[in-house]
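So the structure is just underneath, and the comments pick up after that.
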Amino acid sequence: MDMYLNGVVWYLAAQSWQIALLTLALAIAAFVLRRRSAHVRYLLWLIVVVKCLVPPLHAVPLKVRPTTPFGSVISSLLSHVQRTSEPPAAVVPTLSGPSRPHPQESAQPSHHSEVREYRLSAYGCLGVLWSAGVAVYLAMNLLRTLRGHCWLRRMRRPLPQDIRAEAEDLLHSYGVRRLPRIWVLEGVGQPFVWGLLRGSIHVPPGFLTIDRPEHRRDILAHELSHVVRFDAAVNALQVIAQGLFWFHPLVWWVNGKIRQEREKCCDEMVIARLHTTPQDYGTAIVETLARARESDRSLPSLAVASPLRRIEERLTALLRPGRRFHKRPSPAGAALVILTTLVAVPTTVVLTAPPVYLVSGTIRVAPGESGLWDAEPKPFDRDAYAVFMRTQAALLSGDASLLSNVADDLEPRGLAFLSPVPGEHRDTAGILRRAIADGVIRIARVPDTELLEVTMVNEDREEAKAIVNSLLQSYVAQYGVTRTSLEAQSLMQLERQQAELRERIQRGRAQLRALMQRDGATDSARTPSASLEIQDRQSQIKLDEEFYERISRRLREVEMAQDRSPRVHLASPAEVRGVAGRRGR
């Protein structure tokens with residue numbers, strides 16, 4: 001859920017600033033064309049609505065340097081890996097710690113269930129807020145539309161037949177086969193068009209009292225212009241775009257400009273198609289306004305109408321000297337708008353940074369064997385081994401001598417990542433410490449395994465591989481007591497003890513034969529003290545022989561385990577595990 005909300009927020013953010021730039025460019029173009037036909041300006045402003053509704057289909061990358069710290073980058077890249085976050089113990093266990101886990105012991109499920117609290121990120125909360133705003137805005141408009149529809153059906157009545165006959169003259173001028181439905185509506189003060197696609201025309205009762213038929217014709221022609229232009233459908237799309245970008249003030253402002261230019265377009269169409277004069281048409285508007293009364297009810301939602309406060313602006317535009325009026329946009333203007341739409345709408349500018357590679361390698365640190373060869377085996381302590389592994393991760397992260405060895409290994413290679421800031425002396429070990437502190441390099445145990453993982457994010461994957469491999473190899477060289485060396489020491493000790501026992505057994509047998517020759521071969525011929533001494537000597541020889549057999553059995557086990565891997569060794573060298581994609585924000 002949070003991932004989808006983050007994607008929505010990033011999309012809205014990218015669209016918002018591009019809509020702002022597009023609006024600025026169109027505002028400049030509209031200012032330059034302020035004395036031209038309103039048709040072109042209207043189409044230009046519609047580009048913003050289309051931009052709000054059409055997702056980008058083509059991305060133009062614009063490379064920038066990343067400003068986000070690498071620590072936050074690696075946190076997002078490693079979100080799929082569960083890390084242990086407990087601090088290392090104060091006491092460092094030795095490498096000869098807990099014994100190897102028994103297969104049945106390691107297969108037992110953990111009795112501690114982990115309960116995680118789900119929390120939305122900041123971007124997720126913004127996504128929820130945006131969704132709530134869209135739902136509220138669209139729901140309010142839907143309710144207003146339904147209420148308006150019910151009210152219109154209840155209050156309207158058909159236009160008288162004689163006035164409708166006057167309107168039939170408009171069919172030829174507008175090239176339509178039949179007129180839309182025209183209604184007289186009580187309770188409104190101005191004509192308007194209402195509907196979802198083409199809509200129907202509604203006029204106030206004062207419209208019927210206009211004396212001159214040509215003035216009534218002009219007013220109906222203006223509303224008919226809205227119908228043939230599908231302004232009702234465009235107005236519905238404006239409401240949807242404004243609902244999606246309810247937070248964007250420029251979208252609201254552009255919608256206001258579209259409604260202004262729409263009325264001017266219809267004014268131009270009336271004068272151009274009916275061949276009337278701007279003065280006569282302006283008089284018709286003023287006369288309609290004079291007969292309008294103040295309405296106690298606002299127009300229904302999705303109604304296409306001109307605010308009364310804009311009448312003066314419309315009249316000023318109509319009566320400007322030298323003004324030319326057009327039925328439709330000129331071919332050159334329409335071609336310009338179409339070209340601008342094809343370039344601006346499906347294209348998005350993506351701010352991209354160079355790809356950041358995720359490189360990691362692992363070290364295997366096996367549990368230790370029992371300390372004494374003749375000791376009883378102990379059960380595997382999972383908690384102690386987890387503490388031991390966290391301690392090894394802390395050693396790998398903060399051991400000054402280890403980082404110094406890594407720095408000595410990497411300095412001759414001239415890596416760009418380890419280059420000092422201009423004006424500072426070269427401190428490779430210090431750069432590595434800062435990288436670990438910032439999360440660029442992360443060392444942690446892979447849960448439920450014997451692996452320590454060293455991870456790094458960097459733009460240069462080869463440099464990241466070199467740094468991770470150096471850390472891994474330095475740790476193995478400094479802390480890696482191998483199984484071979486341990487077994488070699490144990491083998492030497494066992495062979496020495498075996499030789500000593502062999503000599504002692506031979507010496508004891510020789511002494512026993514001498515005693516038996518001196519004191520007699522049978523118990524009846526010996527004194528009690530001599531019999532007791534012979535029995536003690538026999539018991540000691542028997543114990544030595546049992547001890548000798550146990551050592552021999554242990555030596556055979558050691559010989560059979562010669563092919564085992566070292567306890568601490570490189571499990572996997574540094575490899576690229578992923579890429580923080582080239583997608584921009």
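Quick note: the coordinates plus some simple rules give every number you see, no bench work behind them. Quick caveat, the model's predicted, so the values are computed rather than measured. Heads up, the Cβs are rebuilt from the backbone with ideal geometry, glycines too, and the neighbour counts pull from every protein chain shown.
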For the range 4-34 and the range 157-212, distance of Cα centres in Å: 38 Å
Simple spin-label estimate for residue 34 and residue 323 in nanometres, 7 Å along Cα-Cβ: 1.5 nm
The range 382-455 and the range 217-276: distance between their alpha carbon centers, rounded to Å: 65 Å
In what sequence do 542, 51, 465 fall when counting other Cβ within 10 Å, fewest first? 542, 465, 51
Put in order of increasing Cβ neighbours within 10 Å, starting from the fewest, 248, 425 give 425, 248
